[in-house]
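Q: Starting off with a structure, shown below.
Values in this text are rule-based calculations from the coordinates and carry no lab data. As the structure is a computational prediction, the values presented were derived from the model and not from experiment. Ideal geometry is used to build each Cβ from the backbone, glycine not excepted, and the neighbour counts take in all protein chains shown.
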Amino acid sequence: MASNKKTIIYCVLILIISLIFIAGYVAKHSKENDSSKSVQQVTDNARVISTMELKSIARGGVVSLVDDSPAAFSWAPRNQKITLSEITYWLHGATIYRGKIPKSQNVALFKANVGPSILNISYSNKVNITIQPAFYLGSKNALNIQYIRDVLQLNNDGKKSYIQSKQLFNWLKNDKWKTEFEMKH
């Protein structure tokens with residue numbers, strides 16, 4: 001009888017300790033999930049380029065473009081103001097891309113441009129932004145450029161990030177910019 005009481009007491013004690021452990025575990029992980037949600041919400045609402053920066057670009061930015069030809073020709077817009085307005089509108093609506101970008105395979109060395117067109121924006125105090133469709137080289141034996149749909153690589157004064165903008169991606173990748181630009185001489 002005494003051993004039965006001891007067994008019951010041990011079982012109750014183990015049950016209580018287990019419940020305390022489980023309650024602590026659940027509380028800890030729910031706090032981590034809540035804090036990661038708030039960080040996620042903050043970063044989702046954060047802009048890659050601030051509204052103030054976009055206004056500065058719209059007021060005094062200079063746009064140029066290097067095309068996707070092997071010679072990588074330079075282009076300038078026929079109307080800087082209209083082109084800047086269009087680009088800043090797309091950048092204002094862009095979201096931060098959180099997916100993975102595959103690594104490029106090692107391929108042969110090329111003495112020519114093999115990537116997509118690159119948009120250059122320079123403004124106040126020589127701050128430079130470059131934007132190009134996100135891509136990677138797919139095959140080891142041949143040049144196989146793979147694009148990540150609607151994703152752009154943005155280099156803002158040396159800080160690289162990835163954004164999503166369907167309009168800007170299509171405009172750059174599908175050479176829709178050519179109707180607004182002329183080749184620099």
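Q: Full-extension gain between residue 6 and residue 101, please, as 0.36 nm times their residue separation minus the C-alpha to C-alpha distance.
A: Extending this stretch completely gives an extra 28.2 nm.
Q: Where does the charge balance sit around residue 124 when Lys and Arg score +1, Asp and Glu -1, over other residues with C-beta under 15 Å from its C-beta?
A: Net of charged neighbours comes to +1.
Q: DSSP loop chymotrypsin sites (Phe, Trp or Tyr not before Pro) in segment 116-185 with at most 16 other Cβ atoms within 10 Å of their Cβ, which ones?
A: Within segment 116-185, no chymotrypsin sites (Phe, Trp or Tyr not before Pro) qualify (loop, at most 16 other Cβ atoms within 10 Å).
Q: Which pairs break 20 Å Cα to Cα here: 126/173; 81/178; 160/184?
A: Going by Cα-Cα distance, 126/173; 160/184 fall outside the 20 Å limit.
Q: What net charge do the residues around residue 153 carry, taking every other residue with its C-beta under 13 Å from that of residue 153, with Lys and Arg at +1 and Asp and Glu at -1?
A: For residues surrounding residue 153, the net value is +2.
Q: Considering only the other residues whose Cβ falls under 14 Å of the Cβ of residue 68, what net charge follows from Lys and Arg at +1 and Asp and Glu at -1?
A: Within the 14 Å Cβ shell, the charges total +1.
Q: Using R₀ = 25 Å, calculate the FRET efficiency as 1/(1 + (r/R₀)^6) where r is the Cβ-Cβ separation of residue 182 and residue 71; round to 0.05.
A: Between residue 182 and residue 71 the formula returns 0.95.
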